[in-house]
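Accompanying notes for the structure given below.
The values are calculated or read from the model by the stated rules, or taken from the named source; none is laboratory data. Everything quoted here is computed from the prediction, not taken from an experiment. Here the Cβ is made from the backbone with ideal geometry for all residues, glycine too, and neighbour counts use every protein chain on show. Areas reflect the complete protein model, heavy atoms only, side chains present, ligands, DNA and RNA absent. Shrake-Rupley method; radii C 1.70, N 1.55, O 1.52, S 1.80 Å.
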Amino acid sequence: MSSSHHLRRTVPLVMIAPLVVGVGVTGLLAFLNGRSTVNDLAQRLVDNIAQRVENEVVATITLPHQLNQWNADQLRLGLLNPEDLSTFEKPLYSQLQQTPYFAYVYWGNEQREFVGAGRVRNNQVVLARSNAETDYYYYNYEVDAQGNRGARQSIEPEPYDPRQRPWYQDAVAAKQATWGSIYIWAGGYEDIALPAVYPVFNPTGQLQGVFGIDISLGNLSEFLRGLGVGKTGHTFIIERDGLLVASSSQEGSYDAQLRRVEAINSQEPLIQNTAQMLLNNMGSFTSLDDYQKFSFRWQGKQHLVRVQPIRDAYGLDWLIVVVLPKADFMQQVNLQTRLSIILGLASLCLAIILGLILGYWVIRPIVRLNEAATELRTQQFEPSTIEDLTRRSDEIGEFARVFQNMAITLDTQEQSLEEQLQEMQLQLGDKYRKLIRGQGQNLTELKQIQKKAKLIREVKKIEINLVEALKKVTYFSSLKETEIQQIIEAGYQKVFDTGEYICREDEPGDEFYIIVSGTVEIFVEKINKYLTQLKPGAFFGELSLLIGIPRTATVITREETRLFILNREALGTLLKQYQSLADEITHQLNLHQAELQERQELLRKYGLLDDDFNNNPMRWVQNRMKTLFGV
């Protein structure tokens, strides 16, 4: 079978086969991963929601205590006058606007006086006051956007004494900033509130009053409802005694009789069963110190649960619970799997068609170039036969032009080589004749001439390869070609047999190598770890030679190998002779600090580091070059 026939079948097959296998594997993986994807997506959602709730709660519970502390400081500095409650109104009103979670911001004192700003029905903001002027009745006033008190709006039917309220008594009992007990707010509308309170004492230690901020837990429930835990999942927050703080269900955290609800008695079945499952597993809500994940089956469906405690320095200790049925994700995952299979099959069909077309378009010029190569091998090639391919502007055209030029060059070189060989034959014939006539010629001289004739072309080729190889070395890359040639002349070549060690780890690194022919293998001998294999044109040992560190790996030949070798003594002699070359190599070492940093531990091990390495790298490089080469 000809190579063209082989390509016509192989190239389309190579293009199409990976696509067929890829689509098949993709479809299979999509099917197999569908079920595991449900778990992964559901767990990620549960974790994400728990984290969002925690972030929201932390942000909500931090600000009230900061504002209470601020207000207490303002009172001590005399910026709030306890004898004039009107000085409190604008600051408290302004603080109420900080977040929609604030239901009331207020001050109550030992003289039975009370002043505050709060939200009532329809989120309307009012100012409230109770003092001797109101006969200690609780008055609500309208307020404008600047916090100025307006007309009286309403009055509570019973006299009001803040000192009898639980929030005031909790602050007095704690004698420091704390959280009051959660309670059903007795203001203008029903809400469940968490009071942050701060007792204020005068310099003699006598209680002056209490600053407080009520957090609306009803608004926190609204936030939980907006999270969207799948289609039927829920999020809820409970205290350690099991009482609901907030939940994503519509029932709220208290019943029709304004009594707080335990999670295990919730009217929402999923919350109730999740709380009961947690209680059964943990024995008590107080036993959980870190977040935990659970899985339980209810109503024939698997549910994922994450429980996360949240605490603060003021005594708050809650549990955030997220529960999600995995079934909420099954429909979406199945749909995505089917869609992936359909798209994969469509892509496969399109890819097969395009692969056949592209394969034919790619193969035609390659087959022609293959035929041209065959003709070139049999010396029957005519450059004009691929003239149309050389006019193409793509890679095929570039390759055809290179091929055509190469063929012309080979033909010219072959003719030149023939002429050189003929001339050498004439010279050798003349030498033999003189030897026979006994005219001072000897056999050794003839062998040297033969060897020189044999190596004429090889030597030229090696030098060109060495120039290009040395230019690839980072520290020699900017040298002029004349300087490169000086380095080549300072080195020498050596042939190593198969399996011969070139250098071994921990030996002094006083030689640099370029592979002229053959193959070497590099490995860490101490741990018998293979690193890489290098072929002609590759180099190694340059940094060891230039900065004087031992070998970090062992190098061994895998076939007969010819190396170009440059040792420290020869390079030192060269650098002393050509200071500009020494300066340029020093400059390149300084520019490539990354390579030096990678070997920092090795330099430290051998005591080669000093303060200049980090503070003045150029000076460190100069000192190393001076130590090693005397330049």
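What the table below lists for this structure:
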{"read-out": "Any pair with Cβ under 7 angstrom, 6 or more apart, that starts in segment 272-295 at a residue that is without any contact (Cβ under 8 Å) to a residue 24 or more places away in the chain and ends at one that is of a type in the set (S, T, N, Q) and outside any helix (DSSP H, G or I)", "value": "Q272/S266; S295/Q302"}
{"read-out": "Positions within segment 242-265 being of a type outside the set (G, A, S) and not in a loop (DSSP other than H, G, I, E, B), in sequence order", "value": "L243, L244, V245, Y254, R260, E262, I264, N265"}
{"read-out": "Segment 558-585: number of residues that are β-branched (V, I, T) and buried (at least 21 other Cβ atoms within 10 Å of the Cβ)", "value": "2"}
{"read-out": "Residue within segment 321-330 that is modelled with pLDDT of 90 or more and closer than 30 Å to G212 by Cα present", "value": "yes"}
{"read-out": "Count of segment 515-549 residues which are among the charged types (D, E, K, R) and in contact (Cβ under 8 Å) with a residue 60 or more places away in the chain", "value": "1"}
{"read-out": "Residues being at pLDDT 95 or above and part of a loop (DSSP other than H, G, I, E, B) - total across segment 162-174", "value": "0"}
{"read-out": "Residues located in segment 228-238, provided they are open to solvent by 20 Å² or more (accessible area, probe 1.4 Å) and touching a helix residue (DSSP H, G or I) at 6+ places or on another chain (Cβ under 8 Å)", "value": "G230, K231, T232, H234"}
{"read-out": "Count - residues of segment 466-486 that are assigned to a helix (DSSP H, G or I) and closer than 21 Å to L591 by Cα", "value": "9"}
{"read-out": "Test: residue in segment 190-200 that is within 24 Å of A103 (Cβ to Cβ), open to solvent by 40 Å² or more (accessible area, probe 1.4 Å), out of contact with any strand residue (DSSP E or B) (no Cβ under 9 Å at 6 or more places or on another chain) and modelled with pLDDT under 90", "value": "no"}
{"read-out": "Residue within segment 274-293 that is surrounded by fewer than 21 Cβ atoms within 10 Å (Cβ to Cβ) and touching a His at 6+ places or on another chain (Cβ under 8 Å) present", "value": "no"}
{"read-out": "Tally of residues being open to solvent by less than 10 Å² (accessible area, probe 1.4 Å) and over 12 Å from I182 (Cβ atoms) across segment 239-273", "value": "7"}
{"read-out": "Any hit, segment 101-109, residues being touching a residue at least 12 places away in the same chain (Cβ under 8 Å), more than 23 Å from I192 (Cβ to Cβ) and of a type outside the set (G, A, S)", "value": "yes"}
{"read-out": "Flag for G78 being open to solvent by 50 Å² or more (accessible area, probe 1.4 Å) and not hydroxyl-bearing (S, T, Y)", "value": "yes"}
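Listed here are the residues, each with its yes/no results for (1) open to solvent by less than 90 Å² (accessible area, probe 1.4 Å); (2) modelled with pLDDT of 60 or more; (3) out of contact with any Lys or Arg (no Cβ under 6 Å at 6 or more places or on another chain).
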residue: K431; (1), (2), (3): yes, no, yes
residue: Q439; (1), (2), (3): no, no, yes
residue: E468; (1), (2), (3): no, yes, yes
residue: Q485; (1), (2), (3): yes, yes, yes
residue: G499; (1), (2), (3): yes, yes, yes
residue: E505; (1), (2), (3): yes, yes, no
residue: E525; (1), (2), (3): yes, yes, yes
